[in-house]
1. Can you list the helices (runs of 4 or more DSSP H) found entirely within region 86-205 that contain at least 3 residues being modelled with pLDDT under 70 and hydrophobic (A, V, I, L, M, F, W, C)?
2. Restricting to region 208-238, name every residue that is at pLDDT 90 or above and part of a loop (DSSP other than H, G, I, E, B).
3. Which one is modelled with the highest pLDDT among residues in region 309-322 that are part of a loop (DSSP other than H, G, I, E, B) and under 15 Å from Ala277 (Cβ atoms)?
4. Looking only at region 248-268, which residues are in a loop (DSSP other than H, G, I, E, B) and buried (at least 16 other Cβ atoms within 10 Å of the Cβ)?
5. Please go through region 272-299 and give me each residue that is within 16 Å of Lys322 (Cβ to Cβ), surrounded by fewer than 16 Cβ atoms within 10 Å (Cβ to Cβ) and not aliphatic (A, V, I, L, M), ordered by number.
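The values are calculated or read from the model by the stated rules, or taken from the named source; none is laboratory data. Not measured: the values here are computed from a predicted model. So basically every Cβ, Gly included, is an ideal-geometry build from the backbone, and we count neighbours across all protein chains shown.
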Amino acid sequence: MKKLIKSKKIRIIILILIILILIGCLIILIKDNKNSSENNLHQDNDKEELKGEINNDEQELNETIDYKNLEKVITESSIMYVNENYSFAEKEIIKEIDLSLLLKNNYIKDKNILELYSDGICDAYSIVEANVLETTGKTFLKCKNYITDGYNDNHLNNEANEETNNEQSVNDDVNNSYNSSENSKQYAVENYVGKNYLVVKKHLEDVNLKVIVETKDISDMENFENISEETIIGQSVDAGKILLEGESITLYIPRVVASYPNFCDGSYTVDKVQKFADNHNLILTIQYEDNSNYEEGRIFYQSKVIGTDIVEGTRLIIKVAK
């Protein structure tokens, strides 16, 4: 009997232990689930905070971009590109300059602009108008958070068409070089006397004419004060003549002689000497003297020796018969 009672007690104790162990495991499992939920909640909150920080950073980046200054930089670069690559001495031109063209030719080197463009945030092009008096331009931007009024989405198509036309023009020029002179392009020569030979030379070379520049003595001293060393004083082909593509024309510019001529040879008047002095910044003193050997108004003396170098600011004395 005692053994039976003892056996029951042992079983009860074992059962209690098992129940306690199960309760302990259940408590541990509940705690683990709670901690896991809390961790997931914290992770979600961290992701939301990180996302919010990224959005704030993007907003701050967009706020720091000076779009107006970007437009200004691109406009100035486009104007420089047109001035250096196009001829507009005799007519007004309007050119569309794409940002990619400026980057390709190193007219824009600012790293911020390069990064802005390479990231695909902005597209840009400029419309440049140029004539002999001035060159002006306006830039149009299309960015992620900014667009210039008047921006044209089709401008890239316009650029592609222009490049195609340019390629076709080059091909036509190559083909024409093998044709007879009857099929060659023709150009009517104009009167270039008095114009700057550098401007005229570039214009003629743009229409595929060969230009030769030679110096020539100035025979018309009356207009000497209006002539610079870059002024055209003559041309080998008269105005109105037709030149074929590839033919040549010679432009004559003055041979500048920085020495004193002979004022007493009878070809100079007092007025001409005065113009000469003004042109070379000389101080001219005119002395009128009785001299029966010369007719009235004839210059018979000069203080500077013929052929000597001219020094600006010095005094020149001439004597005139009265």
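1. On the way: elements: 99-104, 111-118, 155-176.
Per the criteria, 111-118, 155-176.
2. Asn208, Leu209, Ser236, Val237, Asp238
3. The initial filter retains those residues of region 309-322 that are part of a loop (DSSP other than H, G, I, E, B), namely 310-314, 322.
Still in the running and under 15 Å from Ala277 (Cβ atoms): 310-314.
Values: Ile310: 79, Val311: 76, Glu312: 73, Gly313: 77, Thr314: 83.
Once the filter is applied, the top-ranked residue is Thr314.
4. Of the residues in region 248-268, the ones in a loop (DSSP other than H, G, I, E, B) are 255-258, 260-268.
Tyr260, Pro261, Phe263, Cys264, Tyr268 - these are the residues of region 248-268 that are in a loop (DSSP other than H, G, I, E, B) and buried (at least 16 other Cβ atoms within 10 Å of the Cβ).
5. Across region 272-299, the qualifying residues are Thr285, Gln287, Tyr288, Glu289, Asp290, Asn291, Ser292, Asn293, Glu295, Glu296, Gly297.
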